[in-house]
Every structure is written in structure tokens, then in C-alpha cells.
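Enquirer: Sharing a structure, written as C-alpha cells. Questions coming.
The numbers here are math on the coordinates, done by the rules we state, and not lab data. None of these values were measured; they are calculated from a predicted model. Here the Cβ is made from the backbone with ideal geometry for all residues, glycine too, and neighbour counts use every protein chain on show.
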């Protein structure tokens, strides 16, 4: 039985350095001083690459406890050591078992195998899916996913989870450089059929230093899929809503 996730209200005000080029490491103290209400929420990361690794760093800086994983977890030890005592390495199965929320950030072609291998560990959990299908890398299944939309397709590959499409449309370099920026925050589009899972995802988006933009159910995730006007762009939340025709 998975623990019930309770969202606690609270102010998230981050005091940012005025100088340009602030690093993620430099945000750690500000994030902790702001008192991000991480509570007992634990995060498992399956696929700790450019997206997964950056988000792990942002969430670690906000005070979350994480297990970061890959097929070679020993290669992640240096990152875990740098992120502090609340972060440890593990296998993908260990990350799936550990987290109340699971971030899956793997090549899209690997998603069906993840769904099969860790079905028991993932069942009933909030899962954030960042993957995008590329035929040159993922084969014919990517063409099918693009045709049907990744929201519907990912839901079939990950049955029994509380799926949220998230962090798939922002470039990895913008995810690193634009977190907690001054001025209007960059928006992160979200889609899910589970309202409570959307609330959890929105909280994690804010604690990572962005503004959540709820687009709608999984069927609408195709509106920020590969090839759309908002894909691979670091738009502000206001710009994103305008592009997608969403009222503030």
C-alpha cells in the first residue's frame, strides 16, 4: 500500500543572486532557506541523464530525499555525494520501490520495458514521464507514439500508475539555466487524467524553480509533443498559456 501524499500549503520564495549566470549549486542555500515543504515525499529517479540528473539536483536543493538510478548506478555515486546525504544511488527497481513519486526519464524506446519490469513497484504511484519518441533512436514504436500522442501511448506502456506528462518540452539546457530565474518564471506544461497527481506534479515543478501550466487530460499532452509550437522552447508561463490557448 503506497503512503498517502498530502500537499501542504506554504510560501515558496527564493532569494536569488542578482548576478547573471547563477549555478544550480549556488541555489542550494536559497532553496533551503525558503523552506520548501518537502515533508516526507520521496522521489525515485529512473534515468539520471541530462533531464533526470538536473531535476534530481534541483529537488535535492529543495530538501527532497531521492534515489537516483541508472543501469550502472555506481557511475552516479559522484553526483549523489555532491547532492548530499538525502540522495543515494540504486538500481531502477530500487528507485521505483523507494519513491512516492517516480520520475522516468529514459529514451522512449525503453519505456515499455520499464513498465513491464517494474510494474509491481510502480503500481498506484504518481509517475512523471519526460520521454519523447524519436524514430531514428526508438524505431517504429516512435512513429506510432507520435501518431497517437505520447500521453495515450505512455499510459499503455505504464498501466496502473498515476501518470503525468511533464518536463518533456523544455530543452535540457534550459532546465538547468532557467530554474529559479528572476522575473517571469518559465512554464512547464502538465497533462494527466488524475487531478491529485497533477497537484503533486505542480508542487514539484514549483520546487524545481518553474511554474506549472496544467493543460488538461493525457489526451491533450499531444499539444506539447514533439513538433508543436511550444516544443523545445523555454517559454514563460504566460507565453505558454497564450500559445496553448489556456486562460490564466
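Enquirer: May I ask you to derive the FRET efficiency for residue 82 and residue 40 from their Cβ-Cβ distance with R0 = 22 Å, giving the value to the nearest 0.05?
Expert: Efficiency at R0 = 22 Å is approximately 0.40.
Enquirer: I need to check one value: relative contact order of region 26-244, counting alpha carbon pairs closer than 8 Å and at least 6 residues apart, in percent.
Expert: 17 percent
Enquirer: Now, a different point. Send over the Kirkwood Rh of region 105-202, from the inverse of the averaged 1/r over different Cα pairs, rounded to one decimal Å.
Expert: 14.4 Å
Enquirer: Which order do the peptides 156-165, 229-238 take when ranked by the mean count of other beta-carbon atoms within 10 Å per residue, highest first?
Expert: Result, highest mean first: 156-165, 229-238.
Enquirer: Write down the percent of antiparallel bridges among all DSSP beta bridges whose residues are both part of region 26-244, to the nearest 5.
Expert: 10 percent
Enquirer: Over what distance in Å are the Cα centres of region 207-222 and region 50-64 separated?
Expert: 18 Å
Enquirer: Compute the separation of the alpha-carbon centres of region 67-97 and region 110-184 and state it in Å as a whole number.
Expert: 20 Å
Enquirer: Next question, about the same structure. Find the Rg to Rh ratio for region 183-244, where Rh is the Kirkwood radius over alpha-carbon pairs and Rg uses the same atoms.
Expert: Reported Rg/Rh, Kirkwood definition of Rh: 0.95.
Enquirer: Suppose we take every Cα in region 26-244 and form the convex hull; what volume per residue is that in Å³?
Expert: Considering the Cα atoms of region 26-244, their hull volume per residue is 110 Å³.
Enquirer: How far is it, in nm, from the label point at residue 247 to the one at residue 219 when both lie 7 Å from their Cα along the line to the Cβ?
Expert: 2.0 nm
Enquirer: Expressed as a rounded percentage, what relative contact order does region 128-248 have, with Cα pairs under 8 Å and six or more residues apart?
Expert: Rounded, it is 28 percent for region 128-248.
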